[in-house]
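All remarks here apply to the structure that follows.
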Amino acid sequence: MNEIELLRRMIGFNTESKESNIALSEFLTQELKKIGFRTEMTEYELEGVKKANVYGIKGPDNPGIVLSGHMDTVPATGGWTANPFSAETKAGRIYGLGAADMKGPIAAMITAAEQAGGLEKSVEIALTFNEETHFEGVKKILDSGVLKGDYVILGEPTQLQPVRASKGFASAVVELYGTAGHSSNPKSGISAIGASQVFMNYLEGLFNRIKCKENPDFQPPYATFNIGKIQSGTAVNLVPDYCKLEMEFRPLPGQPQDLITEGILKILDTLKDFKTCRDYKFEITDSAQGFELEADDKVLQKAIDITGKDASTVSYCTEASCYTPVGKKCIVLGPGSIEQAHKPDEYIEISQMQKGVEIYRRAIERLCGK
Ligand SMILES: [Zn+2]
């Protein structure tokens, strides 16, 4: 099976994060076995849904590189003009949910591992579940201790440009409590909307200080924040007693998340002390670290050489957030474009798939060969 047939078969399995990925895991385990991998498929149950990671190793026992990918996809939202699972091919593109993010890159990795010769070190493949939600799959595979190689190539779609760093991510919810009252006498209550206004001003100040640290490798070169959702109020003549703000932050790699959480807690304590609000709740709902590989890293240099493209950085999170804290070095590199990910009519160009196989094969041979 070549990379195109493999991808088309993979698209046929619905592996939206909320669905089971057992059938795709079984299929890929068989495919890896056929091309000489020793495999392990490990099953889990998460909120009543069966999930699996697939691990494979090929070649001598001497650790080489790990090729890593996630089998799950985001949900197929409205707007698809084709069936998201039918792998329709037209005008040099394969359409399907996960075509670029990242069933295409996985198919290219597997085909490259089949073609690569002269291995003196092992090639490992780590295929995970729930990357699009909370990284549970990669965390489990790391906990299992099965991975031997120190370098991980993550096949997210980067148009085959090596990516050596990404920003981190955190989302948070702030709930402000006031006291209800009538608008004819605003002092009879404590306005939670008023408190949110003061909170946002302080938050802006906090971020202006955090933004002073710049890293020119990123676009924009500083940490960002965004308040994406506010809920409050019931009527114009009532002082609102509750306001909920949902926000996200993207710190630079190496910028500790505590800098933000402690700063926010200090603001909220001040608001409470000065009775701008009656009380508050604060929760970090999700977070992932950024990562950064040194620009002169020897494996990165080889990746630059093989692809003929300079290393870049991205502002979205990948499983590198989980690999780097345990000492693995990561390069994100894959065919296809992130522009097509998480959108209706997702596709990958066949030419990118073919180039992807070629680049992965050369990377395996350079990093696991003599
Ligand atoms: Zn992805």
Would you mind getting the accessible area per residue of the stretch 71-134, heavy atoms of the protein chains only, 1.4 Å probe, in Å²? 31
Provide the FRET efficiency to the nearest 0.05 for the S312-E204 pair, computing r from the beta carbons and using R0 = 25 Å. 0.25
Return one whole number: the accessible area per residue of the stretch 136-251 in Å², for a 1.4 Å probe. 47
With runs of 4+ DSSP H residues as the only contributors, calculate the mean residue ellipticity of the chain at 222 nm using -39,500 (n - 2.57) per run, divided by the residue total and rounded to the nearest 500. -9500 deg cm²/dmol
Quotient of Cα Rg and 2.2 N^0.38 Å for the stretch 23-123, N being how many residues it contains: 1.24
With just the Cα atoms defining each centre, how far is the stretch 1-79 from the stretch 192-240? Give it in Å. 40
Contour minus Cα-Cα span, N2 to N83, at 0.36 nm per residue, comes to 26.9 nm
Can you give the relative contact order of the stretch 1-112 as a percent, counting alpha carbon pairs under 8 Å and 6+ residues apart? 33
Projected area, mean over directions - the chain, Cα convex hull, nm²: 20.4
Kirkwood hydrodynamic radius (Cα pairs, Å) of the stretch 149-273? 17.0
At a 1.4 Å probe radius, carbon and sulfur cover how many percent of the accessible area of the chain? 49
Using the Kirkwood formula on alpha carbons, the hydrodynamic radius of the stretch 213-324 in angstrom works out to 17.5
Let me know the shape class of the stretch 73-148, please: from the alpha-carbon gyration tensor, a ≥ b ≥ c as square roots of the eigenvalues, rounded when a/c is under 1.5, otherwise prolate if a/b is greater than b/c, or oblate. oblate
Using Cα pairs closer than 8 Å and at least 6 residues apart in sequence, work out the relative contact order for the chain, in percent. 26
Cα-based Rg of the stretch 272-370 per 2.2 N^0.38 Å, rounded to two decimals? 1.58
From the backbone phi of the stretch 191-201, what are the Karplus-calculated ³J(HN,Hα) couplings (6.51 cos²θ - 1.76 cosθ + 1.60, θ = phi - 60°) in whole Hz, Gly and Pro given as x? 6, 5, 5, x, 4, 5, 4, 5, 4, 5, 5
20 Å Cα-Cα threshold exceeded, pairs from K244/K266; K34/K58; K58/K298; K167/K266; K302/K370; K33/K58: K58/K298; K167/K266
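The values are calculated or read from the model by the stated rules, or taken from the named source; none is laboratory data. Small disclaimer: the values here were computed from a predicted structure and weren't measured. So basically every Cβ, Gly included, is an ideal-geometry build from the backbone, and we count neighbours across all protein chains shown. Surface areas here come from the heavy atoms of the whole protein model, side chains and all, with no ligands, DNA or RNA. Shrake-Rupley method; radii C 1.70, N 1.55, O 1.52, S 1.80 Å.
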